[in-house]
Every structure is written in C-alpha cells, then in structure tokens.
Amino acid sequence: MKHCRRNLIQIFVLVLLGISVILTLLYPTLSVYFPKRVPIEISVIVRDSDNALLNTLRMGMEQAASDQGAELRFLIPTSANSAKEQEELLQREAERGTDSLIVMAADSQKMQKILEEMSVQLPYITLESSIKGERAYFSPDNCQVGQQLAQAALEADSDRKVMLINSCPSSQGFSERVQAAQEILENAGVQVILWTRSDSRLTDGLNYEIVRQKVGKVIAFDGASTQKISEYYAQRENRPELYGVGCTGEIVAGLEQSVLSAIAVWSEYAAGYMAVEEAIHSVRGEYPDSKEPLRFSIVRGDEIYEPENQKLLFPITS
C-alpha cells in the first residue's frame, strides 16, 4: 500500500514538471495573446524649482500612482516660473509618448496656446490655474483665498497701506488671488501697493520700500513668496504683519514664531492624489465628474495646534 502511494506521488510530481516544461516552451507564443499590461505614464510639469515646496503634493501623487499602478515623471525647471522651460519640457514629453500630463503653469495663457497647438493631443490635468481644455482642475477658489487673506489683514489693527506680493503675475490663479484681495482692501479704504518681482529677486529692495512707504501689512499669495518673506523677516525685529499661503515646514515655523500672522492652507496631499487619479481616468477614457474647489482654512498662530488644523499643517505626522 505504501509502495503504491509513493508511486502515485512520483507520477503526480512528474506530471507537474511536464506541464511546467510545456508552458515554458509555449510562453513566447502565449505572450502575444496575453501581453503584459504596461503602466500608465503621467508626466508632471511643475512651476517651482524648489523641491521642498512640492514635497506634500508629490507624496500625494506618488501614493495615488502606487495605489493604481501608474508611473510618474516629475519635470522640474532649473529656474522657477520659467514658461520657456516648461514649453520645452512639454514638447519633449509629448514627443516621447507620455500618456497624460499634470501641469502647474508658470504662464497660463502661453501654456494654453502650447497645448492647443501641439501635434500630439494629450489629456491634461491642471493645478493652481485653470486652462481651457483640461480634464480636471484642482485648486482652492483663488478669489476666495485672496478675499479671506485680505479680511484677515483687516481684522487686525487698521493700517492704511497694505503691500500685495505676486512673484508670478503670469499665473492666472495668483492674479485672481491678488485682484480679489485688492478689491476687498480698496473697498475698505486701504491703499494697496503691488510688489511684483521674479522669485529670485523677490526681496531685493523690499524692506526699503516697506519702510519708505510706511506699509503696515504684507500679503503673499503663493508658497514660495510666503516662505521667502518669512525667512527674510525672521531675524528682523521691526517688521510688518505678514500673511501668506502654504504649509511647508519653514512656513509653519514662521507662523508658530509669530513671524507670520496668518496663512491660507489646504491639503496639497489631497490635490496631488486626486490629480493623478483623474489623469489615470482620462487615459482610460473615463471623464471625471465636476469637482468642487479644494477646501481651505485661514490659520493664525494661536490656532496651529487645534485638531482641525493639525491634518493640514502636519499631514504626515497626523
């Protein structure tokens, strides 16, 4: 009986080995009919050259790509807000054969023209600024951001002069924030001074102009500018009240140390995750439902550790 059972086991093993050999020989033929699934490739063209400003956004994108089996290529310009460099990156990715684009435009009008004129039509998702033809757009309501930052500045002691900083006026999203804030302030009888400088020259002559014009408050409308003015004034005792946007470690530190009076903040992680999700849907021909603007909050220094703000300011630890 034992001998018979042993023979059956040996025969079973030999049969399995035989099947394995046959499948190995047939694999090249079978692979024609059952090709390996190629991951969807998404090219992400950003505006900032500072990786630190994109950390949370990038983590959200990478998590979505991991969850859904996509591959990401991050294209970071060598200088911030370079529309020319973005155009070159865009053309290269289209010619290379990427499946979809996520675009954070330095110049909204130029980017729209480039996308319309490209010989290869690709589905694209936009961040910060809406561009005609996008499959989806992820940003807070830019006008609301500008209005609420202006209201936060007005709630403090009244100053008759407020400076508005815009380091990328060619970005439609940033311009909407500035214009909305300017309207609120001027309606309240406040004199508005516009400070427009490229990112690399943002603080050149800034303090001189603030002192000369007796500016009491300064509002920045993007993360790079907010971080730069926060770091610039961190070592100065005499400084105006500063308001801004974003939640990098440096910006949160500035808020905690009362260098910044208040910031507008939203979940960059969620924005990145949803942008990749919608890019994948667009490649598959699944048109997205209409999306609501991202929710944002105005956070002051004494509100940092409130539970509802923890997830926004410290998304990884919370």
### Message
From the helices alone, meaning DSSP H stretches of at least four residues, give me the mean residue ellipticity at 222 nm for the chain, per-run term -39500 (n - 2.57), in deg cm²/dmol to the nearest 500.
### Response
-15000 deg cm²/dmol
### Query
Within the accessible area of the chain, what % is carbon and sulfur when the probe is 1.4 Å and the other protein chains stay in place?
51
### Task
Can you check how the C-alpha radius of gyration of the chain compares to 2.2 N^0.38 Å, as a plain ratio?
1.33
### Task
Take the Cα radius of gyration of segment 29-137 and divide it by 2.2 N^0.38 Å, with N its residue count; two decimals is plenty.
1.15
### Query
Can you list, largest first and rounded to whole Å, the semi-axes you get for segment 144-193 by taking the square root of 5 times each eigenvalue of its Cα gyration tensor?
19, 11, 8
### Task
For a label point 7 Å from the Cα of Ser198 along Cα→C-beta, name the residues of segment 80-111 whose backbone N is under 17 Å from it.
80-88, 106-108
### Query
Given springs between every Cα pair under 10 Å in a Gaussian network model of the chain, which of Gln235, Gln63, Gln144 has the largest fluctuation?
Gln235
### Summary
In this structure, the FRET efficiency calculated for Gln109 and Ser79 from their beta-carbon separation, with R0 = 22 Å, to the nearest 0.05, is 0.65
#### Entry: Cα convex hull of segment 175-297 - mean projected area over all directions, nm²
9.6
### Query
About its Cα centre, what dipole magnitude does segment 158-252 give when the only charges are +1 on Lys and Arg Cβ and -1 on Asp and Glu Cβ, stated in debye to the nearest 20?
280
### Amide H contacts of Ala80 (H built 1.01 Å from N, under 5 Å, at least 5 apart or other chain)
Ser49
### Task
Evaluate the charge dipole of segment 113-183 about its Cα centre and quote only its size in Debye, nearest 20, assuming +1 on the Cβ of each Lys and Arg and -1 on the Cβ of each Asp and Glu.
140
### Query
If the convex hull of the alpha-carbon atoms of segment 137-226 is projected onto planes in all directions, what is the mean projected area in square nanometres?
5.7
### Accessible solvent surface per residue of the chain, calculated while the other protein chains remain in place, 1.4 angstrom probe, Å²
53
### Message
Translational diffusion coefficient of segment 87-148 at 10 °C, 1.306 mPa s, Stokes-Einstein with Kirkwood Rh over Cα pairs, in µm²/s as a whole number.
### Response
128
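Are any of the pairs Lys161/Lys291; Lys214/Lys311; Lys161/Lys228; Lys110/Lys228; Lys84/Lys228 more than 29 Å apart by Cα-Cα distance, and if so, which? Don't skip to the end; give the middle numbers.
On the way: Lys161/Lys291 37 Å; Lys214/Lys311 37 Å; Lys161/Lys228 21 Å; Lys110/Lys228 26 Å; Lys84/Lys228 24 Å.
Pairs exceeding the cut-off: Lys161/Lys291; Lys214/Lys311.
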### Query
Which residue fluctuates the most in the chain, going by a Gaussian network model with Cα springs under 10 Å, if the choices are Pro293, Pro307, Pro39?
Pro307
### Computed label-point distance, nm, for sites Gln63 and Arg295 using a 7 Å Cα→Cβ extension
1.6
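The values are calculated or read from the model by the stated rules, or taken from the named source; none is laboratory data. Here the structure is a predicted model, which means the values were calculated and not measured. Here the Cβ is made from the backbone with ideal geometry for all residues, glycine too, and neighbour counts use every protein chain on show. For the accessible areas, the whole protein counts, side chains as well, though only heavy atoms, and no ligand, DNA or RNA atoms are used. Shrake-Rupley method; radii C 1.70, N 1.55, O 1.52, S 1.80 Å.
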